[in-house]
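Some notes on the structure that comes next.
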Amino acid sequence: MTRGWCKEYTAASYTVVMSIVRNIAGITKGMSITFREMLQPTEVENYPDGPGPTRGAVLQERFRGAHELQRDENGLEKCVACFLCAAACPSNCIYIEAAENTAEQRISSAERYAKVYNIDYNRCIFCGYCVEACPTDAITHGHGFELASLNATNLVMRKEDMLVANVGMPGQLAAHSDSLK
Amino acid sequence: MPDMPEISDFVATSTLLQARPEEGSGDRTMVLNMGPQHPSTHGVLRLVIEIDGETVTRVVPDIGYLHTGIEKTCEAKFYQQVVPMTDRIDYLSPMTNNLCYCLAVEKLIGIEIPERAIYLRVLLNELTRLNSHLVWLGTHAMDIGALTVFLYTFREREEILRIFEMVSGQRMMTSYFRVGGIALEPPLDFFDRVRNLLKILPEKIDEYQNLLTGNPIWVGRLKGVGHLSAADAIALGVTGPPLRASGVDWDLRRDMPYSGYEKFQFRVPISNDGDVWARYVVRLEEMRESVKIAQQALDGMPGGPIKADAPKIVLPDREKMKTQMESLIYHFKIVTEGFQVPAGEVYQAVESPRGEMGYYVVSDGTAKPYRVHMRNPSFATLQALQTMCAGRLIADVVAVIGSIDIVLGEIDR
């Protein structure tokens, strides 16, 4: 009787010891990975304290950020106010008013130009449909992404906010090259 | 006016809002709210839990906190404009949603998709599955208390997201697929980058497994918890990894192939245990299989066009659009008027990371869908929560929520 109890007791303590050993082995295995990872290079984008215009954020070439309205090689606006971007937009965030170019005041190279071009960033979902639709490559996605604002009315961008800087005629480029840098 | 039930009637009869201790239970039970801000409920899920001491007697999910009205919005958009909406339903697997919607509309129109687009879709879909499972593993482990895994899985997920950003321009809301193909040709170094990722992923998955599988706390929290029998799983409409973890051998990629999945060789991992542990094992195995499928798609990537030859439906190449008058006219017509889809209805199901994701599209012959309904796997899986949690401890509810891998965006739509 006593011997039987003893046997059971030994068997039970054996299982307990084995489970402790197994658990320690399991945790050691896990911790070994943790320690190995300590030696791996850090994978952190040092935003917003990093270098460059994006302040450390790594963006891919195709990143769909804040829109830019482009100019052609003569410094004229590429947008011809065809309204295709507004039609393609799934969230109806683009508002355009067209006007005719005149001989005195030429804004775009075609007949019409966008007198008003607003994008409501409260609504924009950055799907890229406007860029896909634009037949003159006038609207593109830039890499701007710091768009948050405490005031929703600040999020309606006007043409002046999105239009790229006019670097002038090709001949004038050299004169402006300092400002480009 | 016929007797229409008032909304207040629904509220009155809702079991949820009546979730008070059952009659006759005396003071033994109490009702506890978990969520919608609880850190372990994954999004904005609210669970009303009736507990007896620490034992759960009833779990009633309260959904609708993330209702966006996407299904209804789809009816006001052209067919091509619905694609960005679909991203936002299941935001952890946007490409799968894109694919499912595009396949459904393509089925209605009856257009052939070029081989290269099919392979790219499969490749990106498997990357999406990996992405989603990495999030699941990280958050599930974090719920249980193993924070380290989260950091490692999100490191690999970051690379997948960068690849998505590389091809589509966005990390999560990709909107990369179009009805009739794919929006853009992938950039030049895309394939190298995917190849490098697929090379390191198997050993990373081993790493997660080594971190967790032998861990006594992990085993103790997962094994035998949240049991769901095969019969219950089928009766409740559970699909995907939870169904396969209950021992039902059912994977739409193999059993109802779509988008060229019949050309790929892969294994469907099964487990008969039906508990949280089984779901963990099944998903880990699925990640390995996804790597294999993605590798096959990468190796067999054919050349050729990425859009179908259907000028009235697919936007023309930009090159052609700028040089040929006819293409320009089609471009204007598609963007401003959409494309007409023959009247009819179609149901297309794909295997999303969470289970059977289905799009039911009804067309009345115009350029806008008459109805787009989504069958979402998370919704069905959530209904199984009561079966899995009743009679268990309240801490197990956290493990079970982690294991069913729900996305509230697709439950509420």
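The values are calculated or read from the model by the stated rules, or taken from the named source; none is laboratory data. Just so it is clear, the structure is predicted and the values come from calculations on it, not from any experiment. A quick note on method: Cβ atoms are made from the backbone with ideal geometry, for glycine too, and the neighbour counts reach across all protein chains shown. Accessible surface is based on the protein model in full, side chains and every heavy atom, while ligands, DNA and RNA are left aside. Shrake-Rupley method; radii C 1.70, N 1.55, O 1.52, S 1.80 Å.
Is it true that some residue in segment B:364-372 is at negative phi, touching a residue at least 12 places away in the same chain (Cβ under 8 Å) and open to solvent by less than 10 Å² (accessible area, probe 1.4 Å)?
Yes.
Condition check: more than 30 Å from B:Y280 (Cα to Cα), surrounded by fewer than 23 Cβ atoms within 10 Å (Cβ to Cβ) and among the hydroxyl-bearing types (S, T, Y). Does B:T323 satisfy that?
When the stated conditions are applied, B:T323 passes them.
If you check B:V248, B:V194, B:V282, B:V268, which single one turns out to be within 14 Å of chain A (Cβ to nearest Cβ) and aliphatic (A, V, I, L, M)?
B:V194
What are the pairs, 6+ residues apart or on separate chains, where a residue within segment B:197-217 that is within 11 Å of chain A (Cβ to nearest Cβ) has its Cβ under 6 Å from a residue that is open to solvent by 40 Å² or more (accessible area, probe 1.4 Å)?
These pairs meet every condition: B:N210/A:K29; B:G214/A:K29; B:P216/A:N23.
Condition (residue is assigned to a loop (DSSP other than H, G, I, E, B) and either more than 14 Å from the chain's Cα centre (by Cα) or not polar (S, T, N, Q) (or both)) applied to segment B:354-361: is it met by at least one residue?
Checking segment B:354-361: at least one residue is assigned to a loop (DSSP other than H, G, I, E, B) and either more than 14 Å from the chain's Cα centre (by Cα) or not polar (S, T, N, Q) (or both).
Please verify whether B:K307 is touching a residue at least 40 places away in the same chain (Cβ under 8 Å), within 14 Å of chain A (Cβ to nearest Cβ) and not small (G, A, S), treating the condition exactly as stated.
The answer is yes for B:K307.
Among B:T96, B:T73, B:T153, B:T148, which is the only one that is in contact with a His (Cβ under 9 Å, 6 or more places away or on another chain) and either within 14 Å of chain A (Cβ to nearest Cβ) or open to solvent by less than 10 Å² (accessible area, probe 1.4 Å) (or both)?
B:T153
When B:D273 is evaluated against the numbered criteria (1) open to solvent by 50 Å² or more (accessible area, probe 1.4 Å); (2) farther than 30 Å from B:L315 by Cα; (3) at pLDDT 90 or above, which criterion, by number, is the only one it fails?
With respect to (1) open to solvent by 50 Å² or more (accessible area, probe 1.4 Å); (2) farther than 30 Å from B:L315 by Cα; (3) at pLDDT 90 or above, B:D273 is out only on (3).
Looking at (1) without any contact (Cβ under 8 Å) to a residue 60 or more places away in the chain; (2) within 11 Å of chain A (Cβ to nearest Cβ), find the lone condition where B:Q80 falls short.
So the condition that B:Q80 fails would be (1).
Only one residue in A:N46, A:N92 is over 22 Å from A:T140 (Cα atoms), without any contact (Cβ under 8 Å) to a residue 40 or more places away in the chain and among the polar types (S, T, N, Q). Which one?
Among A:N46, A:N92, only A:N46 is over 22 Å from A:T140 (Cα atoms), without any contact (Cβ under 8 Å) to a residue 40 or more places away in the chain and among the polar types (S, T, N, Q).
Would you check if there is a residue in segment B:118-138 being of a type outside the set (F, W, Y), free of Cβ contacts under 8 Å to residues at least 24 places away in the same chain and assigned to a loop (DSSP other than H, G, I, E, B)?
Among the residues of segment B:118-138, not one is of a type outside the set (F, W, Y), free of Cβ contacts under 8 Å to residues at least 24 places away in the same chain and assigned to a loop (DSSP other than H, G, I, E, B), which makes the answer no.
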